[in-house]
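The structure under discussion appears below in the form of structure tokens.
The values are calculated or read from the model by the stated rules, or taken from the named source; none is laboratory data. Predicted, not measured: the structure shown is a model, and the values here were computed from it. Cβ placement follows ideal geometry from the backbone for every residue including glycine, while neighbour counts extend to all protein chains displayed. Surface areas here come from the heavy atoms of the whole protein model, side chains and all, with no ligands, DNA or RNA. Shrake-Rupley method; radii C 1.70, N 1.55, O 1.52, S 1.80 Å.
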Amino acid sequence: MMNSFRTSMTSSYNRSGTRSTSGGSGSSGIYSSSSTRQHSNGDERAARRVMASRLVFLTCLLVVCILLGVGAHRLLTDSETQLAHEQFNAIATRALEEALQITLRKRLGVKAMAAVMSYQFPDAAQWPNVSMVGFDDIAKSIMDVSAVNKTLKHLGLCPFVTPDQLEAFEDYAYHIAFSQINDYPDHIGLRDFNGDGNLTQGVHGFDADLQIYRETNAQYDWDNQYNLFCPFLMHSATHEILLMNINSMDRFGKTVEEMITCANGNDLHMNMNNQTDEEQDEQDHIINMRDQLTECAILGDMMVTYDANAQPKSPGGLVVQPIYPKNNPTQVVGLVMTIYEWEETMAALFTNSREVNGIDCVLQTETQAISYHIQQGISSVTGMGDLHDPRYTTYGQSIELTSKEVFGYTSASYTLTLYPSAEFLEVYSTTNPLVTAIGSVCIVLFTAILFFLYDFFVRQEFHRKQSILEAKRRFVRFVSHEVRTPLNTICMGSDLLQQEMTQYQKTQQKNQNNNNNNKKKDLQDKLTDWSSLNQEVIANAKAAVNVLSDLLNYDKVETKSLHLELALLPIWALIQRTTEEFKIYALAKQICYKVDYSALLQQPPPMTTTETETAACNDDSDVLERGENNTSASKATFRTITSTRDLPLDVREQIVVGDGVRITQVLRNFLSNAVKFTPEKGNITVRVSWQQRSDVLPDATKKKVEFALERGDVVEFPPSGYLQVDVQDSGAGMSPQEVSTVFGEGVQFNVNKLQAGQGSGLGLFIAKGIAEQHGGQLMVSSEGHGHGSTFTMILPLYHAPVCTLPDNLKSAFEEREGPDSSEDTLEAFKILVVDDTDMNRKLLVRLLVGKGHTCGQAENGQVAVELMKAAMDEGTPYDVVLLDYEMPVMKGPEACRQMRELGCSAFCVGVTGNLLPEDILYFKAHGANCVLPKPINIRDLEATWVEHGVSTQGDIPGEYHPVPPSITPKLT
């Protein structure tokens, strides 16, 4: 609809194929074509089956067409010319009546909408500042009832606004009318009036050159007698034209002016002296009919309309219906408008008669005419003017579509005339068998063309969807790589700055002397300010990374490809570590932040199977003694828990088998939302409990569940109930409707007020997918707005005494169990850092050296392989290799593969921004032990070392497996 009023507006798009490659790690390699796509034998067989089906279909089609031709030949006679005339009369009569009914129904639809507005706002004083919630729905209902085949497509409301009402009207439109409609975008009615890119509000119009300008005084390029604005306040089809003044364009404004003149009765008494008595009686009758409010609906003359792409369509006519408030029936305050698109009316004439061919339709007014041709019941424009075959003029049938009893007497008069053509008559006079044969061939050819067109478009649609999917994945890979790479430098630089400032502060505090107290105090204050500022930089950079991670995780959850790296998780320690992270954020907002483990102190004794397994640990006297001490402690003194190490033994023996990173992600999402939405001095309580459900575990002989861990171990444990973590806050709360949709994708509530535009709206959707993949679930409850919310995570628990675990799992499990363990307990490793970005290498090396490690550097995969070979020859191999993915000369996966072939057993970590599932599998298939995202976090790296039990003994196997074609990433 917007383009029907802006006829000369064009747009161009600059799709440049070039882009900057600066600042990216091997960025050009991501978008270059890589491996050749190979079709499997199954695809080839499917293609052959499809081709065979096409041939069978064409054969059947040919047989059917031949049969139809023979049947038609037998039915044709030489005497059907008269029948053709009779058929035309019948068809034309039905079509003309249908055309009149369609026109009347459209008219009634406009009238009904005007009546609704008249009764909704019955006082003239209410206008023009009126708006109706549900206008779109009411308009659509009226259009569905009053129009056939949806030929009435839109209705618009335009109140009349005087110049002195303009400012108040604009404020009302923006702050009240538009805000009541949830579907209206924020930019509705905003326009760039100055060409400087700044959008401002205001009623706008178009000059003679169709250039937009802001209305101020209701003075136009055409001669008008009413100083009024007529802007769109509501429209059922498009919101883009709201606040556009239709009076600014003469082709619309003149029609509106005629309606106002008619409605005010100004022209009803003109030229009365020159009228006959009959004419005066008719004029008096019209004046007396003013209370019916129907005569002044004006249908304008033909004008060209345009589609959504600014392409001209067949002519149409503007219809305007005055609105009279119920309590002021003689005062016109606005209008309801629509556009009659005559081509749509023609298309509806033969909807139920698709066999009709060769009828010429001529629609004309006093000044213009347009011709249509009917083919197979479908109308198409022949051209402007009366273009029917003059040989058949005597057969024409006409009807007036715009009766003066329905439209105002100043409306354009439309007459529709139908004529037969030679094509129509030939249908009934064809008896020649040759013509029948030719017709059969034509049917075959036509049907075959339709078939091939259909097949072509189906294949095009298939390839289009494939292209969209590939473009989506390229976009995700682009965002991941091109944004994470610079963020990597930012985050590592900030981490390094924070680390060195902290060390400097500690050194200064130790060396402080009394003589320089004030000077050093100032320095300490500055260092504190710098540290605080740097923490803000780190937090914002990591927030950007979290949004990117949400995009990647959303893709994985949506495609059901989220990979879980299963491990044995000491869940209580994981919960404590995660909740500890948010204490400082809660403290900054003066939030009362509590973590309640009391429910874990009141658990009943473990079931028989667990007791049996615990008894099996009695061979180890140290374990038995520890168990006795813990058990007695739980019965006597455990009332306040300061560490999950203080929990009773039977509680600590409950574990979760899952992906620790993903579960931590869920908890962090709960806690960050709680801190974000809880006001200052509010309350946040985290309650941790163990639910031993008898309906799930009816007896102690419950069958054990088997798991294949990420490191290749296969273990089995008996279920022991469910872990329940409740995060309760006193924040904004939610309505019942919000509670029901909170876990949906992209859901955000009151973004500007509550979230300041932060967040992707995907966090809870992803968290729900993670919990469900672990066999658990997420729930939420709230008593309403202002009463806070409670988010609950439930995960299955399994009984796994440490003493029953294999030795290779026991050590790693015990290292991860302690929440108080720090990076200081890690060994100092010899690490090879491989990245083609100098700054990334330098920052990462400095961070690692600051942790006590020894580091080597390589700018590409080839150099890394040479350094590894040299170190192995010297007998001092590297313990850990950190490999970037995209690098010149040799990429990370290939370098990892060659290192493994040299016999390298170092712990290889892929460090990359390419985190699509196929990229990770590709890296691991080339020998990487794990893959971490950019920007790399030192704590995550150290946690990975602990999880995999990395040591300087080089006991982490680096097995190399050939890359299956199915997981080779398509780096396009």
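Scanning the stretch 892-907 for residues that are within 36 Å of the chain's Cα centre (by Cα) and within 17 Å of residue 857 (Cβ to Cβ) yields a count of 1.
Among the conditions (1) open to solvent by less than 10 Å² (accessible area, probe 1.4 Å); (2) farther than 22 Å from residue 826 by Cα, the only one that residue 869 does not satisfy is (1). Kindly establish whether residue 698 is surrounded by fewer than 18 Cβ atoms within 10 Å (Cβ to Cβ), modelled with pLDDT of 80 or more and either on the phi > 0 side of the Ramachandran plot or part of a loop (DSSP other than H, G, I, E, B) (or both). So residue 698 fails the test.
Of all the strands (runs of 3 or more DSSP E) wholly in the stretch 365-449, which have at least 3 residues that are crowded, with 18+ Cβ neighbours inside 10 Å and under 49 Å from the mean Cα position of the chain (by Cα)?
Details: elements: 369-375, 378-384, 397-400, 415-420.
Answer list for the stretch 365-449: 369-375.
Take the conditions buried (at least 17 other Cβ atoms within 10 Å of the Cβ), within 28 Å of residue 662 (Cα to Cα), modelled with pLDDT under 90 and not charged (D, E, K, R) and apply them to residue 914. Does it pass? Yes, satisfied.
The one condition from (1) touching a residue at least 24 places away in the same chain (Cβ under 8 Å); (2) of a type in the set (A, V, I, L, M); (3) open to solvent by 10 Å² or more (accessible area, probe 1.4 Å) that residue 864 does not meet is (3). A count restricted to the stretch 884-910 and to residues that are open to solvent by less than 30 Å² (accessible area, probe 1.4 Å) and out of contact with any Pro (no Cβ under 8 Å at 6 or more places or on another chain) stands at 13. If you go through the stretch 369-395 and pick out every residue that is touching a strand residue (DSSP E or B) at 6+ places or on another chain (Cβ under 7 Å), closer than 15 Å to residue 424 by Cα and without any contact (Cβ under 8 Å) to a residue 24 or more places away in the chain, you end up with 0.
The set of residues in the stretch 775-789 that are in a loop (DSSP other than H, G, I, E, B) and in contact (Cβ under 8 Å) with a residue 24 or more places away in the chain comprises 776, 783, 784, 785, 786, 787, 788. Among the criteria (1) open to solvent by 20 Å² or more (accessible area, probe 1.4 Å); (2) out of contact with any Ser or Thr (no Cβ under 8 Å at 6 or more places or on another chain); (3) of a type outside the set (Asp, Glu), the one residue 925 does not fulfil is (1).
Selection of the stretch 546-580 for residues being modelled with pLDDT under 85 and open to solvent by 70 Å² or more (accessible area, probe 1.4 Å) yields 546, 558, 560, 563. Kindly list the number of the only condition in (1) modelled with pLDDT of 90 or more; (2) not in a loop (DSSP other than H, G, I, E, B) that fails for residue 877. In the conditions (1) modelled with pLDDT of 90 or more; (2) not in a loop (DSSP other than H, G, I, E, B), residue 877 misses (2) alone.
One line per residue, one yes/no per condition, for (1) touching a Ser or Thr at 6+ places or on another chain (Cβ under 7 Å); (2) modelled with pLDDT under 90:
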| residue | (1), (2) |
| --- | --- |
| 872 | no, no |
| 884 | yes, no |
| 888 | no, no |
| 896 | no, no |
| 904 | no, no |
| 907 | no, no |
| 910 | no, no |
| 921 | no, yes |
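No other residue among 106, 111 is open to solvent by 10 Å² or more (accessible area, probe 1.4 Å), over 19 Å from residue 229 (Cα atoms) and not hydrophobic (A, V, I, L, M, F, W, C) apart from 111.
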